[in-house]
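Undergrad: Have a look at this one.
The values are calculated or read from the model by the stated rules, or taken from the named source; none is laboratory data. Here the structure is a predicted model, which is why all the values come from computation and not from measurement. Note that each Cβ is placed from the backbone with ideal geometry, even for glycine, and that neighbours are counted across all protein chains shown.
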């Protein structure tokens, strides 16, 4: 950090480069210029030593990036000049350039879909203080009032993260000993633990044409546009067409061969007016597989007729779900403004507090369910096993919602359920979760069999809702797929069933489904009435704890 003429210490940080790139929908490549990285690098300041935070950060985010340097109003021209000269020195240049490498190496998806559900979580502490009849009090009186609120359901963690204790401690030594209720309310600040809920969307920079197979083959050997790729012994067969944009895909067939799927088969693509689409990789007009031909057609349509890019939900862990269902999603809840940094092995996101994975499913009575495939917090589960450390690099830093991350996930799931008008939510029992790993996991069973029902019962107690059960149609979870190098294989717990690693993830899931018996699986569920869903959307949930304010 560098001392500024105003007395503050300021510096830069690239740890949120990925967050800014997704927020700005900025595609960063290995050749992205140094100056273009300015919008991805944060300006940070040294934390006030008098402000007691629950964590001990090295710095605090200002909310500005280097791109905003000349528009920061509370910085004097002298501050800006000193800081500008400092970031042009070699150590700072290297740190800014690391933002590029951090993003490129993280296989950054082009876009994230962000949800507003976290904004529906309110502070119970703030509502309680607003209802207190006391208009004025000393710092000591307010302190006792806050601590007394713990007896009435206010969580210690909420009081701590609100910043009020630090504010009241700072006012004890001042001459003015009276603080109004409105002043106290104005100092509640949860910005440091602001929550961001997103789905990662993947894109191959291509749109998807909808090809349908032509039921009868059609010879195209008389078309002049195909003469450049045919030989006297070959003729061209049209096999697929996109009925909307009329892209066509076919293959070259040797007239002397009876095997239309020979190893020498070559595929071609025709655009909307019948011109050949070339293979840019080898500067030819044929492709070794039909999948490559489909991809080339889609890429050509993207570039020449302006079809929109096709974004799809990221599906890194879809293979760890029950067969069936639709609309698979991986939900990531992060702390983008948290001053300490933590990274997990499952995702590339910084400060991933928890993630959950869902599908849409119909139960045996035709009711639409938001089905929870998994809820997990790598951060807090690792902290529970190995402990939390504030300042040791590579260690697990402390984080909020240490004992409430399950409830936090379920609140967001219920908000999505109400918003999308599902009939209810359901989830697997612990033994099904264990089957994904082929071993006994008592903490996992406890989470799905006891903790999730307990938290849901508390959240929905005001509406007298009860946990019930229902049945869904799926395949028995006896097989498991896993990755080996760049291919996937299928196996079971005993090793009696085993394949070579030769499939893509989607192919392996289809093979696994073919070898598993169809079953009706009984699962726990919570069904919501129309009135309950309206109340959830209107009132939201408390940020900490399960009790709502009357």
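Undergrad: Taking into account only those residues within region 345-356 that are over 10 Å from the mean Cα position of the chain (by Cα) and surrounded by fewer than 20 Cβ atoms within 10 Å (Cβ to Cβ), which is modelled with the lowest pLDDT?
TA: 345
Undergrad: Just the residues that are part of a loop (DSSP other than H, G, I, E, B), loosely packed, with under 15 Cβ neighbours inside 10 Å and free of Cβ contacts under 8 Å to residues at least 60 places away in the same chain, please, taken from region 88-145. Explain how you work it out, then say what you get.
TA: Residues of region 88-145 part of a loop (DSSP other than H, G, I, E, B): 88-89, 106-110, 116, 123, 132-135, 138.
In the following step, the residues that additionally are loosely packed, with under 15 Cβ neighbours inside 10 Å were identified as 88-89, 107, 116, 132-135.
Selection gives 88, 89, 116, 132, 133, 134, 135.
Undergrad: Got a sec? Which of 462, 457 is assigned to a helix (DSSP H, G or I), loosely packed, with under 15 Cβ neighbours inside 10 Å and over 28 Å from the mean Cα position of the chain (by Cα)?
TA: Among 462, 457, only 462 is assigned to a helix (DSSP H, G or I), loosely packed, with under 15 Cβ neighbours inside 10 Å and over 28 Å from the mean Cα position of the chain (by Cα).
Undergrad: Collect the residues in region 69-87 that are farther than 17 Å from residue 15 by Cα and either under 34 Å from the mean Cα position of the chain (by Cα) or assigned to a loop (DSSP other than H, G, I, E, B) (or both), keeping them in residue-number order.
TA: Within region 69-87, 69, 70, 71, 72, 73, 74, 75, 76 qualify.
Undergrad: Another question, then. With the structure loaded, tell me whether residue 500 is in contact with a helix residue (DSSP H, G or I) (Cβ under 8 Å, 6 or more places away or on another chain) and surrounded by fewer than 18 Cβ atoms within 10 Å (Cβ to Cβ) or whether it fails that test.
TA: The answer is no for residue 500.
Undergrad: May I pose another question? Report yes if residue 520 is in the same structural domain as residue 410 (by TED's automatic domain parsing), surrounded by 14 or more Cβ atoms within 10 Å (Cβ to Cβ) and either in contact with a helix residue (DSSP H, G or I) (Cβ under 6 Å, 6 or more places away or on another chain) or under 26 Å from residue 326 (Cβ atoms) (or both), otherwise no.
TA: no
Undergrad: Now a separate question. Specify which of the listed residues (74, 34) is more than 30 Å from residue 113 (Cα to Cα) and not assigned by TED's automatic domain parsing to the domain that holds residue 395.
TA: So the residue among 74, 34 that is more than 30 Å from residue 113 (Cα to Cα) and not assigned by TED's automatic domain parsing to the domain that holds residue 395 is 74.
Undergrad: Which of the residues belonging to region 151-176 are loosely packed, with under 13 Cβ neighbours inside 10 Å and either at pLDDT below 90 or out of contact with any helix residue (DSSP H, G or I) (no Cβ under 9 Å at 6 or more places or on another chain) (or both)?
TA: Residues satisfying the conditions are 151, 152, 172, 173, 174, 175, 176.
Undergrad: Looking only at region 9-44, count how many residues are assigned to a loop (DSSP other than H, G, I, E, B) and in contact (Cβ under 8 Å) with a residue 40 or more places away in the chain.
TA: The total comes to 11.
Undergrad: Which of the residues spanning region 295-314 are touching a residue at least 40 places away in the same chain (Cβ under 8 Å) and part of a loop (DSSP other than H, G, I, E, B)?
TA: From region 295-314, those touching a residue at least 40 places away in the same chain (Cβ under 8 Å) are 295, 297-302, 305, 307-314; that's our starting set.
305, 307, 308, 309, 310, 311, 314, listed by residue number.
Undergrad: Within region 76-87, can you find the residues that are surrounded by 17 or more Cβ atoms within 10 Å (Cβ to Cβ) and touching a helix residue (DSSP H, G or I) at 6+ places or on another chain (Cβ under 8 Å)?
TA: Hits for region 76-87 are 83, 86, 87.
Undergrad: Collect the residues in region 55-68 that are crowded, with 17+ Cβ neighbours inside 10 Å and outside any strand (DSSP E or B), keeping them in residue-number order.
TA: Those that are crowded, with 17+ Cβ neighbours inside 10 Å and outside any strand (DSSP E or B): 55, 57, 59, 66, 67.
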